[in-house]
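Reviewing the structure listed below.
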Amino acid sequence: MSNGKALGRRRFLRMGAAAAAGGVVGCSRRGEGPAAPPEGPRAWHLSELAPPPEWSRLDGWQGQVRGSEFRRLLETVSTDGAGFWSALELREDRALIRTSTAEEGAERYALRFAAEAGAGPAARGEGPAARYWRRAGEMGRSPGRPLEGVHIALDAGHLGGRWAQMEARWYRVGSSPAVMEGELTLQTARRLRGLLEAGGARVSLVRETAEPLTAQEPTALRGAALASLVAGQGTGVVFREEQIRREAERLFYRTSEIRARGQRVNEVLRPDLVVCLHFNAEDWGGDAGQPVFSGRNHLHVLAHGCLSGAEFALDDQRFDTLLRLVQGVPDEEIRLCDAVARHLARATGLPAYSYLGKNARRVSDNPYVWARNLLANRVYHCPVVFTEPYVMNHAEVFARLQAGDYEGEREVAGRRGPSLFREYAQGVADGLAAALEAGRA
Ligand SMILES: [Zn+2]
């Protein structure tokens, strides 16, 4: 879900500081603020709970990417187009990248470009350097079976069960069953897995249950929570135990859990692509027991990008973004997002959601596709399709969620059709198949 307002006012107050310092306001993205400094005074130049980058991991990409390509992706996708100059200098034959924003005189990492003329596949990031994922064009032809042999990781957004209320991805109307985003996404992931496997894909679920992947439950994050509160509000403030507890919870489900998923995807699963499944929501007011319903229902699909200058100044965000860029992730990712968005739009009939702020940008002529800098798409070092269909607190969506999953078609909320879960899964599966079919041709 992508609307910060659903979480109430406290988060907004905090996000004032976080956004100013380069944090991201929004869904799984909310509250990824300036670095709390648990490891010492220099940690402010890292995002919360981020390890310092190992810049040598770019070594495999020396001489692989043309300068013109690097600049195009940096200016038109990866950043907001304005905010990278203080941390990166483009020369004709190389990019000079600040390795640490904290140290004025820190050594800059020099990434050499490929020759502009006559460059082969390496110039498009297709060289032998280390990346674990394959673009569709490298998978070999598979006429009529575009998903055959493709390894797809499904990341069911958020948690569920006993964690859903903590995450504020939970509401209930009267005595009806509670609506929990993390349960809905897992249900969709299971349905989607069946469709993709039937098409020949190898499918991994990043999480299989409502339980977290991270071993750092909130009690283990108390020190980091205190440091984060101090970073946001200053040392002269006395924090209540309740504030510290809630901050530790936020670090648990919004940061530590997503970092654990990134680690599992990059180091264990190593798929060809990731689909992050979410449901959207509009502001449902401060009481999840009496949610306000919205008349708006919409769809969008996110690629990664649009870093602000403040975000690009954070060492880990700059590193993750550039590691994706040199691998040629953005173009493949946008191609996949475009196809999934088109098929989801057809399956759902939903209009495109439009961002009004500067935290997202259009990256193709598809009005459903936006680039946005989320922890949950930045930490995956392969193409990510991040889907945001359906406003959970829209009356028709609520009725369809209450109807649950079913075979065939039924009339729900005055409209005859498949279950919402099957509609969602089918749209994504058809979109992936279309993108892979075109790419493998
Ligand atoms: Zn979500």
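Just so you know, all these numbers are worked out from the coordinates, no wet-lab data involved. All figures in this text were calculated on a predicted structure; none of them were measured in a lab. Because the Cβ atoms are built from the backbone with ideal geometry, glycine has one as well, and the counts that use them run over all protein chains shown.
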Mind running the shape call on segment 139-187? Use the C-alpha gyration tensor, a ≥ b ≥ c as the square roots of the eigenvalues: rounded below 1.5 for a/c, prolate if a/b tops b/c, oblate otherwise. prolate
Among Asp287, Asp272, Asp365, which comes first, then next, by fewest other beta-carbon atoms within 10 Å? Asp365, Asp287, Asp272
In Å and whole numbers, how far do the C-alpha atoms of segment 166-310 stretch along each principal axis, longest first? 59, 42, 33
For Arg94, the residues 5 or more places away or on another chain with a placed amide H closer than 5 Å to its own amide H are Phe113
Just for segment 132-440, what percent of DSSP beta bridges are antiparallel, to the closest 5? 40 percent
Mind ordering 308-318, 400-410, 54-64, 249-259 by average Cβ neighbours within 10 Å, highest first? 249-259, 308-318, 54-64, 400-410
Within segment 142-219: Cβ-based charge dipole about Cα centre, in debye rounded to nearest 20 (Lys, Arg +1; Asp, Glu -1): 220 debye
Work from the charge dipole of the chain (Cβ charges, +1 for Lys and Arg, -1 for Asp and Glu, about the Cα centre) and give the residue of Thr219, Tyr353, His304 farthest towards its positive end. Tyr353
Cys276 long-range amide H proximity, modeled H, under 5 Å: Asp155, Val385, Phe386, Thr387
Signed unit charges on C-beta, dipole axis of segment 132-440, positive-most listed residue Gly140, Tyr406, Tyr390: Gly140
Which residue fluctuates most in the GNM of the chain (Cα springs below 10 Å): Tyr353, Tyr368, Tyr380? Tyr353
Quick check: the distance between the Cα centres of segment 307-328 and segment 412-441, to the nearest angstrom? 32 Å
Using Cα-only point scatterers and the Debye equation, what is log10 of I(q)/I(0) for the chain at each q in 0.12 Å⁻¹, rounded to two decimals? -1.00
Most fluctuating residue of Val329, Val275, Val237 in a GNM of the chain with Cα springs under 10 Å: which is it? Val237
Equivalent ellipsoid dimensions for segment 106-252 as semi-axes, Å, which come from the Cα gyration tensor, largest first: 40, 30, 11
Which of the peptides 135-143, 71-79 is most tightly packed, and how do the rest follow, going by the mean number of other Cβ atoms within 10 Å of each residue? 71-79, 135-143
So for the chain, taking the charge dipole from beta-carbon charges (+1 Lys/Arg, -1 Asp/Glu), which of Cys337, Gly427, Val274 sits furthest toward the positive end? Gly427
Nearest 20 debye, what's the magnitude of the dipole of the chain about its Cα centre given +1 on Lys and Arg Cβ and -1 on Asp and Glu Cβ? 420 debye
Distance cut-off 13 Å, percentage of C-alpha pairs in segment 356-424 lying past it: 73 percent
Take the eigenvalues of the Cα gyration tensor for segment 254-332, scale each by 5, and report the square roots as semi-axes in whole Å, largest first. 30, 16, 15
Can you give the relative contact order of segment 132-440 as a percent, counting alpha carbon pairs under 8 Å and 6+ residues apart? 25 percent
